[in-house]
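Trainee: The structure that follows is given in the form of structure tokens.
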Amino acid sequence: MGIIALAVLCGFTTAWALFSTREWRAARADAERAVETERRVRAAHERQLETWKQLALIDGLTGLFNARGAEIELRRIVAGVLRSTGYVTAFIVDMNRLKHVNDTFGHGAGSVAIALLGGVLRETLVRDGDVGCRQGGDEFMMILPGTGRSGAAKVAERVRGGLAAADFRPDSANRFELSASIGGATLCVTKDAATLGARSWNLNERRGSALVDEVVDALKRSADVAMYRAKQKAHGDPLGITTAVSFGDEAEAE
């Protein structure tokens, strides 16, 4: 009897052990599925947040960076140049006669013209690192890291040519030639200047950030002045269709 009872007890214990093992495995599998589901939800949420962040920096009409995105990108690029050496050129691109387009053909036609200029910039700025931005209205910015004055002038000429070739027909019949005034400024950072910039960060991060602010503001002001100088040239044309390019006096870069 004792042997039989012992056998039954052993069998019961074995069955319970097997049952407990199955329960444990099922519970573990449920826990792993829950963790995986939570990970996927978190990853999807992070991707959505990243998408929203990107959209907050993108202009809806042109697909280029907006003014906020332009400021962030220009600061990032200038900071990198100040820590090392090299060039960065910033262009302000302002469309000519957009008010005439809006007044004559309507604001819808003006939006089409702005979108066409944005498309020309996207097709022109094909190098990794080049940045196109719509500052607002009909004003755009191009940021060309590692590009001096002569190389940047070639980029501006390609923009000029692309815009002149754009097939813009606001009244569905006659072609209206688009043009823009383009002003640029080039920052040239020598080895000594880069050493000074690096020291600014090493001594005080706030000091380094202030240096970036100062250089960015100076670069934008100079490009803006050059753009207005180019616009004066464009207005010298009786038809106002000449795309003029002008540079600031910051650097004689190659």
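The values are calculated or read from the model by the stated rules, or taken from the named source; none is laboratory data. This one's a predicted model, so the numbers in the text were calculated from it and none came from an experiment. Counting neighbours? That spans all protein chains shown, and the Cβs are built from the backbone with ideal geometry, glycine included.
Trainee: Does ASP171 qualify as being without any contact (Cβ under 8 Å) to a residue 60 or more places away in the chain and either outside any helix (DSSP H, G or I) or under 24 Å from GLU73 (Cβ atoms) (or both)?
Mentor: On the way: without any contact (Cβ under 8 Å) to a residue 60 or more places away in the chain: no; either outside any helix (DSSP H, G or I) or under 24 Å from GLU73 (Cβ atoms) (or both): yes.
Considered against the rule, which asks whether it is without any contact (Cβ under 8 Å) to a residue 60 or more places away in the chain and either outside any helix (DSSP H, G or I) or under 24 Å from GLU73 (Cβ atoms) (or both), ASP171 comes out as no.
Trainee: Moving on to the next point. Which of the residues spanning the stretch 156-193 are surrounded by fewer than 21 Cβ atoms within 10 Å (Cβ to Cβ) and hydrophobic (A, V, I, L, M, F, W, C)?
Mentor: ALA164, ALA165, ALA166, PHE168, ALA173, PHE176, CYS188, ALA193
Trainee: Looking only at the stretch 140-158, decide whether some residue is over 26 Å from GLY80 (Cα atoms) and either basic (Lys, Arg) or modelled with pLDDT under 90 (or both). Walk me through how you get there before you give the answer.
Mentor: If we filter the stretch 140-158 for residues that are over 26 Å from GLY80 (Cα atoms), which is where we start, we get 157-158.
Now narrow it down to the ones that are either basic (Lys, Arg) or modelled with pLDDT under 90 (or both): 158.
Yes, the stretch 140-158 has at least one match.
Trainee: Just a yes or no: is a residue in the stretch 106-122 touching a Cys at 6+ places or on another chain (Cβ under 7 Å) and not in a helix (DSSP H, G or I)?
Mentor: Going through the stretch 106-122, the residues touching a Cys at 6+ places or on another chain (Cβ under 7 Å) turn out to be none.
No, the stretch 106-122 contains no residue that is touching a Cys at 6+ places or on another chain (Cβ under 7 Å) and not in a helix (DSSP H, G or I).
Trainee: Now a separate question. Scan the stretch 110-128 and tell me whether some residue there is at positive phi and either small (Gly, Ala, Ser) or surrounded by 19 or more Cβ atoms within 10 Å (Cβ to Cβ) (or both). Please lay out each step first, then the result.
Mentor: So in the stretch 110-128, the residues at positive phi come out as none.
Looking for residues that are at positive phi and either small (Gly, Ala, Ser) or surrounded by 19 or more Cβ atoms within 10 Å (Cβ to Cβ) (or both), one finds none in the stretch 110-128, hence no.
Trainee: Step by step: first the residues of the stretch 92-108, then only those that are touching a Ser or Thr at 6+ places or on another chain (Cβ under 8 Å) and not aliphatic (A, V, I, L, M), then the one that is surrounded by the most Cβ atoms within 10 Å (Cβ to Cβ). Which residue is that?
Mentor: To start, the set of residues in the stretch 92-108 that are touching a Ser or Thr at 6+ places or on another chain (Cβ under 8 Å) comprises 93-97.
Keeping just the survivors that are not aliphatic (A, V, I, L, M) gives 94, 96-97.
Working: ASP94: 21, ASN96: 25, ARG97: 21.
Only one residue fits best here, namely ASN96.
Trainee: Quick check: anything in the stretch 124-143 within 15 Å of the chain's Cα centre (by Cα), in the same structural domain as TYR228 (by TED's automatic domain parsing), basic (Lys, Arg) and part of a helix (DSSP H, G or I)?
Mentor: Within the stretch 124-143, none of the residues are within 15 Å of the chain's Cα centre (by Cα), in the same structural domain as TYR228 (by TED's automatic domain parsing), basic (Lys, Arg) and part of a helix (DSSP H, G or I).
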